[in-house]
Amino acid sequence: MTTEMRPPAEDPPVLVRAEAGPPLGIDSNRRRPAGRVGGVFGGRFEEHSARLLRALGPGAVLATADAPLAVDWDACFEVDGGGEREIRDLADWRRVLAAGRLASIRGAFSLVVREPGGAVTLARDGIGERTLFYAPFPPGLVAASTLPAILASGLVDRRLDLASVARYLVYAYVPGEATLAEGVFELLPGEILRWREGELTRSWLWQLPPERPEGEAFDERALTRGLRARLERAVSRRLPLGEAVGATLSGGVDSSLVVALARGFHDRSVFTYSVSFGEGYANELPWSSLVARHCGTRHRIVEISPEAVVRHLDESIALLSEPIGDPLTVPNALLFREASRETGVVLNGEGGDPCFGGPKNLPMLLAELYGGPNEEEAADPLARERSYLRAHQKCYDDLPGMLAEEPFDAIAGDRLLREIAWRFEDPRYHRFVSKLQAMNVIFKGGHHILPKVDAESFPFGVLPRSPLFDRDVVEAAFGIPPQLKLKGSVEKFLLKESIRDLLPREILDRPKSGMLVPVEKWFEGPLLPIARERLLGGLAPMGLIRTDWIERLLAGRLGGARPRRGVKIWLLLTLEAWIRTVFRS
Amino acid sequence: MTDAAFQGAIDAVSSKGKLKWGVENLYYEVCRRKYRQKRLPVAGCLVVIAVFAGIAVIASSQRKEGCAIPAFVAAAAGIAAILAVKSAAFQRARLPLETFNKMWGQWVETHGAPPGVIVRKKSTAPERSKESDLHDYSFDRAVICDRARTVDLLLANNFHFENNCAVLSIEGYPAGPFEAVRAMLKRNPRLEVFALHDATPAGCRLAFRLAHDPAWFLGHVPVIDVGLRPRHAAPFAGLLLAAESPGVEATQGISTDEARWLSKSRLELAVIRPEQVLKRLFLAISRKSGDLGETMVTGGVVSDESSFGSDAGTSDGGADSFG
């Protein structure tokens, strides 16, 4: 590929106001080529199967005795030695499965296979771009792409998993195989689950690669070139043939490099979308506009008002199989809505931070170096795990004061710490930072970002694609020696070196900043009434969070140096909406 | 001081149990409360007298009688009230340290040590296994203090953890990670360094020393002096300590005016409640570098006069990033 950019497009950035509108997706004429999947196994359950199918939405397919294979997939390639071949249809999948070559597939997929003898195999792609939920029920098994569908089938009693409520409050998503519904589990990224007459066996089609051996010599230039080649391949795999492509653009290095590569390779228009929250709120628009001009994309600034957020809050949350407390859920949905008018594929820059060592790790390093000044803390065997949960900067330290008695008992005995302790002893990773990197990729990728973009784009028939979570890019990331991940103070050093020619220096050199959703201001102003109504009137009666804590939160009386009131209110608002719209509907 | 009042002081320094704090913070909190306790009753009496006298003035004038006497009484009471409040008897006086230590000792004996009080770790070696790969990394910023107890306050409240910020004292505390962390700091050419200290000769020379020492930041990055300096002392009248030695010289970053002040008085950072220290320090590290302006750079030291000034708003820093 040459590094010359095509001549810039003529049109200046377009401001799009994402208004409060009709229900999400109701006027969309796009449909994903592959829909959701599922199945009910272990007997004839026609009524339940019908409900499951309906709940999975348009284009859904169930695996049955007559049609045993159902796959939800996108941008998949079978990689074989030097070459690769795109997966085009179910016949290709049958061939791959018959040859036992599932592990060679790159791309997003989840599949359900019903074998002739009645056994069932479920599989999820290695990074977790698609997912599957399952629930054993005597005598059978129900599986589906979404948790609401499993609940809708009627085969599982609806009981809230209280430990998962606590997990959600700590992480702002629900990691691991547990879900908010008791008895319903999620496949892990890369997992193959086989069910046969009530017995479950697990294996892996792929796992995160081990770290680079200590002291191994490396050639910086070769590594840079190798990473560049994989990034180019990752983007090329995700460009839609003969159609315009879209990309979210924040102005940070990650999304910018994806846009630059897309523009370099694609022979059709590249639409870029940046989010603004309106005048009076901080934004990164100058940076994203700079990149859009530099790359010559057709740029749209999507302005999202608090009113639009309120109007579409419930719907956006109802799309999620598990609550995700990231305030970008609703803006993402609105952004996909606008993008769907122009394109059916939207790229993003997600994955750059967990894979290439963003700032998340540094607090953990500090905790590791310093320990604690108090005697008791120094003797705490779970101190690392505790630091890790604290590093998410959500509600870990609030739990004792915040949780009602039952959920608090559900996590007694440091349960949340013990369940991640093994990750700090993972024998594949000797270096502390490698362990953190693995945890970040697994958690952030498969449980937060990827489910979020998949769910929020689905009603519009749009396909989200994440080149920086490409399996080959992730493998390259784990092969980078620590000296090249953070050189001096430059984070993601090697990543930046590999695409240095593509972007203006200001973008490469600017300090990292997060996507700023103005939750603090929203809940001091326009969104406070709805917060009060839903938290006091909706959440408090659910008996999960103590009412006095909610009142202190709303009144700004939580105390401490960094109370993070806005973030926590949003977290609880999402929880309330999810339980009401998904769990209790 | 009553038990309830003492508990109230503990609640104040700990922000109702949310923060960790040092005994030195409690000392100044108790001083503040004793002053309030003394001042109110007497001032109250004088105000009552003035009010009655004022009523008498109004009553006399309405009856068209001479109001000279009541007016005189009102004026005298008013002036006496002002003089009394300003007089030495009512100046915030620090409690003698031994008195406080007795109160504290008694409290601990009766109620046990309060849960949030910082107790310094005895051992100096790091408790954890040494992870060799940590040293390849660096941090965005560092706060260097003159005193170990300030370092303890920040670490105990996870300031380092929450703000991606190394915290060290110039004297080498905490000993375990000190050398490793200082070496890591050198790896960041865009490190932001903040000096946080008492208003004492050593404290006021801290930023200068850091900026001129090759073992620290000479030729590397500027040092931002956040305080405390004599100019920050105004709200803390009555809580000053006497200077340890009278002849302070205007050298190593200390101006002539400051030297004069420092020859008479000392002000400890501990006068400020932990919650305020943390919030204001957070404000200081969040300032965009442009805010401080070019005018205050002198020999590697930049002055941040307002983060610990009395007019500083305390905010969480505006819009929150997520993730």
Practice problem: Would you check if there is a residue in region A:203-214 being buried (at least 21 other Cβ atoms within 10 Å of the Cβ) and among the small types (Gly, Ala, Ser)? | Solution: no
Exercise. Could you grab me the full set of residues in region A:373-387 that are modelled with pLDDT under 85 and either within 7 Å of chain B (Cβ to nearest Cβ) or within 16 Å of A:Leu436 (Cβ to Cβ) (or both)?
Key: A:Pro373, A:Asn374, A:Glu375, A:Ala378
Exercise. For residues that are more than 13 Å from A:Trp570 (Cα to Cα) and touching a Phe, Trp or Tyr at 6+ places or on another chain (Cβ under 7 Å), scanning just region A:511-547, find the one that is nearest to the other protein chains (Cβ to nearest Cβ).
Key: A:Gly514
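Here's the yes/no breakdown for (1) buried (at least 23 other Cβ atoms within 10 Å of the Cβ); (2) out of contact with any Phe, Trp or Tyr (no Cβ under 6 Å at 6 or more places or on another chain); (3) among the hydrophobic types (A, V, I, L, M, F, W, C):
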site: A:Ile324; (1), (2), (3): yes, no, yes
site: A:Leu347; (1), (2), (3): yes, yes, yes
site: A:Gly351; (1), (2), (3): yes, no, no
site: A:Pro354; (1), (2), (3): yes, yes, no
Practice problem: Go over the candidates A:Leu241, A:Leu227, A:Leu200 one by one and state the one that is hydrophobic (A, V, I, L, M, F, W, C) and not assigned by TED's automatic domain parsing to the domain that holds A:Ser305. | Solution: A:Leu200
Practice problem: Say whether the condition of being modelled with pLDDT of 95 or more, more than 11 Å from chain B (Cβ to nearest Cβ) and surrounded by fewer than 21 Cβ atoms within 10 Å (Cβ to Cβ) is met by at least one residue in region A:304-314. | Solution: yes
Practice problem: Just give me the residues in region B:178-193 being facing chain A (nearest Cβ under 8 Å) and surrounded by fewer than 23 Cβ atoms within 10 Å (Cβ to Cβ), in sequence order. | Solution: B:Ala180, B:Arg187, B:Asn188, B:Pro189, B:Arg190, B:Leu191
Quiz item: Are any residues in region A:168-227 over 28 Å from A:Pro451 (Cβ atoms) and in contact with a Cys (Cβ under 8 Å, 6 or more places away or on another chain), and if so, which ones?
Solution: none
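For (1) in contact with a helix residue (DSSP H, G or I) (Cβ under 9 Å, 6 or more places away or on another chain); (2) free of Cβ contacts under 8 Å to residues at least 40 places away in the same chain; (3) under 30 Å from A:Arg565 (Cβ atoms); (4) among the aromatic types (Phe, Trp, Tyr), each residue gets a yes or a no:
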{"residue": "A:Ala178", "(1), (2), (3), (4)": "yes, yes, yes, no"}
{"residue": "A:Leu193", "(1), (2), (3), (4)": "no, no, no, no"}
{"residue": "A:Trp204", "(1), (2), (3), (4)": "yes, yes, no, yes"}
{"residue": "A:Gly215", "(1), (2), (3), (4)": "no, yes, no, no"}
Self-check item: Selected residue [surrounded by 17 or more Cβ atoms within 10 Å (Cβ to Cβ) and farther than 22 Å from B:Glu305 by Cβ] from B:Ala211, B:Ala166
Solution: B:Ala166
Quiz prompt | Residues of region B:146-163 classified as out of contact with any helix residue (DSSP H, G or I) (no Cβ under 8 Å at 6 or more places or on another chain), touching a residue at least 24 places away in the same chain (Cβ under 8 Å) and either crowded, with 22+ Cβ neighbours inside 10 Å or at the interface with chain A (Cβ under 8 Å from one of its Cβ atoms) (or both), total | solution = 2
Quiz prompt | Contacts under 7 angstrom Cβ, first residue in region A:251-280 being over 20 Å from A:Leu516 (Cα atoms), partner β-branched (Val, Ile, Thr) and assigned to a helix (DSSP H, G or I), 6 or more apart | solution = A:Val258/A:Val235; A:Val259/A:Val291; A:Leu261/A:Val235; A:Ala262/A:Val235; A:Phe265/A:Val235; A:Val270/A:Val259
Quiz item: Hey, does region A:418-428 have a residue that's within 12 Å of chain B (Cβ to nearest Cβ), buried (at least 18 other Cβ atoms within 10 Å of the Cβ) and over 16 Å from A:Gly128 (Cβ atoms)?
Solution: no
Quiz item: Do you know which residues across region A:282-295 are surrounded by fewer than 17 Cβ atoms within 10 Å (Cβ to Cβ) and in a loop (DSSP other than H, G, I, E, B)?
Solution: A:Ala282
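The values are calculated or read from the model by the stated rules, or taken from the named source; none is laboratory data. The structure presented is a predicted model; accordingly, all values stated were derived computationally and were not measured. Reconstructed Cβ throughout: ideal geometry from the backbone, glycine too, with neighbour counts over all protein chains shown.
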